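The values are calculated or read from the model by the stated rules, or taken from the named source; none is laboratory data. Worth saying up front: this structure is predicted, and the values here are computed from it rather than measured. Please note: Cβ atoms are built from the backbone with ideal geometry, for glycine as well, and neighbour counts cover all protein chains shown. All accessible areas refer to the heavy atoms of the entire protein, side chains included, with ligands and DNA or RNA removed. Shrake-Rupley method; radii C 1.70, N 1.55, O 1.52, S 1.80 Å.
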Amino acid sequence: MQTPPAIIDIRNLAVTFRGGSRKVRAVNGVDLTVDRGEVLALLGESGSGKSVTLRSLLRLHPKGTLIEGEIKVAGQDVMRLGRRALADLRGGTVSMIFQEPRLALDPVYRVGDQIVETIRRHMPVSRSEARARALRLFEDVRIPSPESRLGNYPHEMSGGMLQRSMIAMALACDPAILLADEPTTALDATVQIQILLLLRELQTRRGLAVVFVTHDIGVAAQVADKVAVMYAGRIVESGHIADVIHNPRHPYTQGLLDARVELAQGSSRLRTIEGAPPDLSALPPGCAFAPRCGRVAETCRTVVPELHSGSTSVACFEPLRG
Amino acid sequence: MLAYAFKRLLHVIPVAFGVSIVCFLLLHIAPGDPLAAILPADATAELQAQMRALYGLDRPLVIQYLLWLLRALHGDLGLSIATGRPVTREILGAMVNSFILAGVATLIGFSLGSLLGFLAGLYRGSWIDRLASSIAMLGVSVPHYWLGIVLVIIFSVELNWLPATGGGTDGSGGRALDWSYLRFLVLPALTMSVIPMGIIARTIRSLVAEVLAQDFVQALAAKGLMPRQILRHVIRNAAPTAISVMGLQLGYLLGGSILIETVFSWPGTGFLLNNAIFTRDLPMLQGTILILALFFVIMNVLVDIVQSAIDPRIQRN
């Protein structure tokens with residue numbers, strides 16, 4: 001029997017922003033696949049291209065952005081979709097939750113009405129049916145007194161409750177894929193855990209494929225099955241989450257693991273990665289991490305390493321643990 | 001909502017009181033003797049004293065104010081020194097004329113301004129934006145009395161299409177909904193609409209651009225809304241501020257424009273005020289300023305109430 005095709009299949013994705021005088025290549029040759037019911041964490045620091053990669057799945061970029069490569073989502077060729085078909089995909093098959101729920105919801109509409117609007121955009125149901133559906137969604141994401149909360153405006157809710165509402169809205173039309181752009185970064189640590197558990201529970205129950213963007217390796221470990229570590233617009237290491245965390249092969253991944261606050265508790269100082277991420281409009285000719293890398297060799301400075309598979313896939317000439 | 005409206009209306013009372021004091025005092029602080037305008041220069045001291053007593057100008061200021069306030073509350077603002085007719089009736093007649101002019105100017109200015117502002121905001125940075133912004137800039141920069149005179153030269157003097165001055169059917173002061181009346185309105189209304197058009201276009205342009213830059217617009221696209229549906233959200237978000245700016249502009253226009261009404265001899269409050277100043281018609285001036293000021297206060301409250309009905313965040317405090 002043949003294995004079913006991946007629900008997300010990205011080949012050689014490149015995204016270039018052309019706003020302003022300089023071209024900025026934010027994503028530079030990314031390959032990714034996600035299977036049904038699988039959670040992929042895209043891990044990286046600011047400017048690594050993780051959010052840009054995520055947004056490419058819905059072509060949610062500012063006007064004038066150049067997207068190249070192949071993007072197939074749930075059997076549809078996203079690069080070839082027309083305006084209408086693309087809008088049907090957004091929120092219908094693929095929906096998204098954002099980093100700042102307070103900014104991602106329209107401040108002058110009631111939260112319930114915003115969910116009803118989403119449902120009626122994608123499903124041929126009456127207002128009252130959509131309303132009933134919104135109520136069930138609010139119960140699913142465990143918002144207390146859901147009936148009255150539907151009538152709240154965003155400014156009347158707490159951050160955690162807003163993110164729950166955002167999740168309810170994202171799940172409103174039974175999508176197959178959920179895109180999460182650092183959904184817990186703006187929340188308190190305790191609320192963060194609750195939201196992660198809720199996401200994981202809903203993901204399992206609904207068999208969702210999830211792409212979860214985060215800069216926090218601890219968060220990735222909690223939610224993800226697979227992880228792809230990004231640096232300067234490329235994937236430098238990817239594989240099963242446990243393999244990557246226990247046996248990192250790329251020096252950058254090792255650096256991220258060493259830089260966790262939890263590890264610094266015993267010793268006096270937090271171990272950080274020296275230097276700063278590179279300027280995306282003027283990348284070095286070889287490996288983008290070479291200037292900050294402790295294992296740098298001569299080839300690293302001149303040739304871009306390919307992603308090679310092993311126990312985890314790694315793009316490095318001098319990987320750790322062979 | 002109703003409680004908020006009621007609270008805002010209560011706030012009018014102290015403000016109105018203050019306005020009345022300022023109106024009253026303003027003209028007593030101003031130099032010059034109001035009687036000088038109606039009495040011959042060689043009038044005897046006895047006659048002057050007689051007139052002073054007749055208008056109550058010989059009493060202490062506080063008493064004068066209280067008497068004036070009491071009568072004003074009954075709708076009596078005294079007699080015009082220049083014409084001898086009741087001030088209240090003169091002002092009301094002029095206000096209707098000003099309202100008509102302002103109404104037409106508002107219609108032109110607001111619709112054109114909103115349209116230009118929206119297009120400029122939506123297509124920011126494009127040639128549409130540059131064109132719309134240039135028109136708006138011209139609107140707020142061109143002195144409108146000058147524009148009025150230029151329009152008169154083109155359409156009245158050169159082309160002879162429209163009357164240069166006056167109001168009402170054949171200048172008789174009557175009102176009707178036909179061309180013989182409306183043709184007097186065209187030039188002053190057009191002239192008057194230029195400034196609010198520019199201000200509103202610029203306001204809406206920046207509002208739309210500001211709303212479009214917010215995260216939730218991308219979130220709306222991410223849930224599959226079409227551009228037309230997203231536009232509805234943008235309008236709803238921009239509306240509260242746009243309405244408050246429009247309300248203030250409407251207030252300015254309804255108050256009448258001294259310059260425009262004088263250029264076109266349009267018999268509104270501005271024209272009335274101008275004449276009252278030149279004839280030192282004290283009761284007329286006091287009355288007109290008082291009514292216009294109160295009108296502004298009420299206009300502001302109405303704008304606040306409408307704004308709170310649209311934007312749920314305002315009622316919170």
Exercise. Of the residues that make up segment A:126-133, is at least one over 23 Å from A:Glu201 (Cα atoms), among the polar types (S, T, N, Q), in a loop (DSSP other than H, G, I, E, B) and more than 9 Å from chain B (Cβ to nearest Cβ)?
Worked result: yes
Seminar exercise, completed: For segment A:104-127, the count of residues that are of a type outside the set (Gly, Ala, Ser), surrounded by fewer than 20 Cβ atoms within 10 Å (Cβ to Cβ) and free of Cβ contacts under 8 Å to residues at least 40 places away in the same chain equals 5
Problem set entry | Conditions (1) in contact with a Phe, Trp or Tyr (Cβ under 8 Å, 6 or more places away or on another chain); (2) surrounded by fewer than 17 Cβ atoms within 10 Å (Cβ to Cβ); (3) among the small types (Gly, Ala, Ser); (4) modelled with pLDDT of 85 or more: number failed by B:Ala219 | (2)
For this session: For B:Gly224, work out the one condition from (1) open to solvent by less than 10 Å² (accessible area, probe 1.4 Å); (2) part of a helix (DSSP H, G or I); (3) of a type outside the set (Phe, Trp, Tyr) it doesn't fulfil.
Result: (2)
Seminar exercise, completed: Restricted to segment A:50-75 and to residues being under 20 Å from A:Ile177 (Cα atoms) and part of a loop (DSSP other than H, G, I, E, B), the residue nearest to the chain's Cα centre (by Cα) is A:Leu57
For this session: Restrict the check to segment A:76-85 and report whether at least one residue is assigned to a helix (DSSP H, G or I), over 23 Å from the mean Cα position of the chain (by Cα) and more than 7 Å from every other protein chain (Cβ to nearest Cβ).
Result: yes
Seminar exercise, completed: Wholly inside segment B:1-115, helices (runs of 4 or more DSSP H) that include 2 or more residues that are without any contact (Cβ under 8 Å) to a residue 40 or more places away in the chain are B:2-10, B:12-29, B:45-54, B:61-73
Exercise. Open to solvent by 50 Å² or more (accessible area, probe 1.4 Å), within 14 Å of another protein chain (Cβ to nearest Cβ) and touching a strand residue (DSSP E or B) at 6+ places or on another chain (Cβ under 8 Å): does that describe A:Gln99?
Worked result: yes
For this session: Write out, first by first residue and then by second, each pair whose Cβ atoms fall under 6 Å of each other, whose residues are 6+ apart or on separate chains, and whose first residue, in segment B:201-222, is away from every other protein chain (no Cβ under 14 Å) while the second is open to solvent by 20 Å² or more (accessible area, probe 1.4 Å) and β-branched (Val, Ile, Thr).
Result: B:Thr203/B:Val245
Exercise. Name the strands (runs of 3 or more DSSP E) wholly within segment A:162-232 that hold at least 1 residues that are more than 14 Å from every other protein chain (Cβ to nearest Cβ)?
Worked result: A:209-214, A:226-231
Problem set entry | Top-ranked residue in segment B:167-210 [being touching a helix residue (DSSP H, G or I) at 6+ places or on another chain (Cβ under 7 Å) and modelled with pLDDT under 70; ranked as surrounded by the most Cβ atoms within 10 Å (Cβ to Cβ)] | B:Gly167
Exercise. Scanning segment A:86-96 for residues that are open to solvent by 10 Å² or more (accessible area, probe 1.4 Å) and assigned to a helix (DSSP H, G or I), which turns out nearest to the other protein chains (Cβ to nearest Cβ)?
Worked result: A:Asp88
Exercise. Does at least one position in segment A:34-53 carry a residue that is surrounded by fewer than 21 Cβ atoms within 10 Å (Cβ to Cβ), under 17 Å from A:Asp77 (Cβ atoms) and touching a residue at least 24 places away in the same chain (Cβ under 8 Å)?
Worked result: no
Exercise. If the Cβ limit is 6 Å and pairs must be 6+ apart or interchain, which residue in segment A:131-149 that is more than 13 Å from A:Asp113 (Cα to Cα) pairs with which residue that is open to solvent by 70 Å² or more (accessible area, probe 1.4 Å)?
Worked result: A:Pro146/A:Glu139
Exercise. Could you say which residue among B:Gln307, B:Gln249 is part of a helix (DSSP H, G or I), within 23 Å of the chain's Cα centre (by Cα) and within 14 Å of another protein chain (Cβ to nearest Cβ)?
Worked result: B:Gln307
For this session: Would you check which residues across segment A:308-322 are modelled with pLDDT under 85 and not small (Gly, Ala, Ser) and list them?
Result: A:His308, A:Thr312, A:Glu318, A:Pro319, A:Leu320, A:Arg321
Exercise. Taking segment A:117-156 only, how many residues are aromatic (Phe, Trp, Tyr) and under 26 Å from the mean Cα position of the chain (by Cα)?
Worked result: 1
Problem set entry | Residues of segment B:264-293 that turn out to be assigned to a helix (DSSP H, G or I) and in contact with an Asp or Glu (Cβ under 6 Å, 6 or more places away or on another chain), as a count | 2
Exercise. Only one residue in B:Leu115, B:Leu107, B:Leu79 is open to solvent by 70 Å² or more (accessible area, probe 1.4 Å), over 21 Å from the mean Cα position of the chain (by Cα) and within 30 Å of B:Val234 (Cα to Cα). Which one?
Worked result: B:Leu115
